[in-house]
Amino acid sequence: MVQSVGFRPFVYALAKRHGLNGQVLNNERGVLIDLEGDAGAIDQFAVDLEKTPPPLSRIESIERQDQLEPANYDDFRVVESTVEGERLIPIPPDVATCGDCLRELFDPHDRRFRYPLINCTNCGPRFTIIEDVPYDRAKTTMREFEMCADCRAEYENPLDRRFHAEPIACAQCGPQVSLIQNSSKAESLALGDAAINETIRLLQSGKIVAVKGIGGYHLVCDALNEQAVSTLRLRKYREDKPFALMAPSIEVVEEYCSLSEAEKELLLSPARPIVLLERRPEASIPESVAPRVTSLGFMLPYSPIQHLLFEKLSRPLVMTSANVSDEPICYEDDDALKRLTKIADYYLVHDRRIHMRTDDSVVRVIGNKCGRDVRAPSMIVRRSRGYAPGSIKTGVNFERQILACGAELKNTFCLAREQYAFVSQHIGDLENLETLRSFTEGIEHFQRLFHLDPEVIAYDLHPEYLSTKYAREQDKIETKLGVQHHHAHIASCMADNQLHGELIGVAMDGLGFGSDGRLWGGEFFVADFVRAERIAHLDYMPMPGGAKAIREPWRMAAVYLQKVFGDEFTKLELPFVAEMNAKSWLTLKSMIETKTNCPETSSMGRLFDAVSSLLRLRDATNYEGQAAIELEQIADRDCQKGYQFDVSADGSIIRAQNVIRSAVEDLLDGVPPRTISAKFHLAVADLIAMISRRVREERKLNRVALSGGVFQNLLLSRLAVEKLRADGFEVFTHQRVPANDGGISLGQAAIANALIAAGKT
């Protein structure tokens, strides 16, 4: 990542400092530097180049050639780009306002004082404003603003921090901010600084404001105002899913959450993701911000507008994606004014057009709970602004250009070439036309940006996924490959960690279409990129009502109880049974017996749902994964002994009956739900270690890859990794893409490439 990040002016200044002549230019692969001068100065230049590059750059390799024939340069200069072959240039993501720009923003003597769209080469919008490459102003949405003389002078000065900063602007020539009241006229109430100050007043008075950011709109209100938060939840049709929060500083975040050093670093990083943090018991955040969960998602300001809003606010704000539930984030002004009309009271807007919508990223630090190493790695839950479209070096040599279309939920797509994968920003759940449009437009945009013309397309085996239907309709691409969902999960973890060869793969999630036509989700494999041999799996259980059983976990709880106790389970003296609708159960029982709308599943996610409902945590869900999240939240972290799964004689079928029976016995004995939850989590972790040991004995494999949405459960991930490492395994989890379906597309691309290389298409 050495273009569009201020690398050439950095090289220019470095060469001047060391008294070297020559030139620097961008080419189709990176940056080419030609130096003449003292050999010692050149050596020191090379050291400084590698040790102190610009903050947004990333150097993968430096190739050096020494030549004896001088070119006789009389100075050092920055020259125009050259493109002599196929381009492969990463596009930088959008990053937070840098310290230099913040100092200018609040300096009364600076000409950009309080300019709410300040930026420079080291910060601000990139991916969201680029329409085409090469990346220059004429091919961004900033082309609509002609630079004033002062901005032009900075833009053309190699020693200036804004040299070739394409979004460069100031109050004289750049985009402007205005406040609009939600009305049919959409007239501006205030401009510039007055708009910012009035927005602060509105937020303090309990209003909901749609604020245009870098990658789309946020819905914003006072996080400590219970009525404002409840009103936003009601208008947005978002019953329970936690809202993201923004605070002005680390100190304010610490008033509400416990922070490790690793979490502080993430909050302050240029990516500025939402970081999931442990709520302090005494925190005065209203319950309606994050109902029935003990964690809060906080981020710090990353745009100058946000910094200005917090100049006079010392309390957190709700800062949630501006949409109606299940729709993609609003990013076009006219669309936002129309779609948010029943949610927002006012709009704080600017006239810099957003070309590509991008949600906030979500990250979690592994090991913050239970006293683990505070510098433990992070887990990406949603990879978007701040990370995408950054390239991922996979260790896989993609011999042909591949488009992988991902899954349905938490969709991303992936374009791959050579050793690089370009995984898209979070698209969302492909369940409506607006999200599908975002998906298709995103693919077209990536193909333009990275000069890719896919020769191969990979997709999920599920025939009803919109991403699968899209792939099969691409007549221009001759080679089409279906990839099994859970094999893609394991391959994604392998590519994420640059692994090759066979290993033990553990894939656990809500569900994915299996190669036998049933719904998998609790799987153990011996896998590489070409094949995934299914070694063991959870026993199949009926899902009465199909997708309805996902939204209503009580159905799976009743199914498991019947499996263990037969029809007599209805006589158990359990709160679950007492509160269960007996008539509804008779209908489900009939569906199971007649196999009517009752697909079978081996899903670990559905087992988590069943236990959650059995403990009276969640009978119906309002967002994906809610039952399992609430089950994790209550678990007793001090519990040491778990339940035990039963495994068939040949080791291939894993039965949960013992676990359910033990949980019921504990409930009847008055054991608290927090202990039962912990014993269940320990049982799953012990199961992973036990099956892995057996496979190691049989196959002599010692590496384990963990993937799938279930492993976003921090408690389970920690327990599984600890137990596996205690047994001497090398354990690999996701680092750069999510373990959930947001990482599926990377795995699909890696598998498609391997199948082609092996001649198995």
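Just a few scattered comments:
- Looking across region 534-546, just one residue is of a type in the set (D, E, K, R) and either modelled with pLDDT under 95 or over 29 Å from the mean Cα position of the chain (by Cα) (or both), and that is D539.
- Summed over region 653-671, residues that are open to solvent by 30 Å² or more (accessible area, probe 1.4 Å) and either under 31 Å from the mean Cα position of the chain (by Cα) or in contact (Cβ under 8 Å) with a residue 24 or more places away in the chain (or both) total 6.
- R534 basic (K, R) and assigned to a strand (DSSP E or B): yes
- Flag if D619 is surrounded by fewer than 14 Cβ atoms within 10 Å (Cβ to Cβ), over 22 Å from A536 (Cβ atoms) and within 32 Å of the chain's Cα centre (by Cα): no
- Here the condition is being outside any helix (DSSP H, G or I), out of contact with any His (no Cβ under 7 Å at 6 or more places or on another chain) and open to solvent by less than 30 Å² (accessible area, probe 1.4 Å); of L49, L88, it holds for L88 alone.
- Elements of type helices (runs of 4 or more DSSP H) in region 429-514, at least 3 residues being open to solvent by 10 Å² or more (accessible area, probe 1.4 Å): 433-449, 466-472
- Some residue of region 374-393 being over 30 Å from H487 (Cβ atoms), surrounded by fewer than 24 Cβ atoms within 10 Å (Cβ to Cβ), within 23 Å of the chain's Cα centre (by Cα) and not aromatic (F, W, Y): yes
- Only listed residue being touching a Phe, Trp or Tyr at 6+ places or on another chain (Cβ under 6 Å), on the phi < 0 side of the Ramachandran plot and buried (at least 17 other Cβ atoms within 10 Å of the Cβ), chosen from A165, A195, A210: A210
- Flag for A582 being of a type in the set (G, A, S) and more than 26 Å from N713 (Cβ to Cβ): yes
- Restricting attention to region 522-564, the residues that are of a type in the set (S, T, Y) and buried (at least 24 other Cβ atoms within 10 Å of the Cβ) total 1.
- Candidates R8, R29 - the one that is of a type in the set (K, R), under 35 Å from the mean Cα position of the chain (by Cα), buried (at least 22 other Cβ atoms within 10 Å of the Cβ) and outside any strand (DSSP E or B): R8
- Tally of residues being touching a strand residue (DSSP E or B) at 6+ places or on another chain (Cβ under 8 Å), part of a helix (DSSP H, G or I) and of a type in the set (G, A, S) across region 682-710: 2
- For region 672-685, a tally of residues being in contact with a Cys (Cβ under 7 Å, 6 or more places away or on another chain) and open to solvent by less than 40 Å² (accessible area, probe 1.4 Å) returns 3.
- Scanning region 107-151 for residues that are under 13 Å from Q172 (Cα atoms) and β-branched (V, I, T) yields a count of 1.
The values are calculated or read from the model by the stated rules, or taken from the named source; none is laboratory data. Keep in mind the model is a prediction, meaning the values are calculated, not measured. Positions of Cβ are generated from backbone atoms using ideal geometry, with glycine treated the same way; all protein chains shown enter the neighbour counts. What goes into the accessible areas is simple: the full protein's heavy atoms, side chains included, and nothing from ligands, DNA or RNA. Shrake-Rupley method; radii C 1.70, N 1.55, O 1.52, S 1.80 Å.
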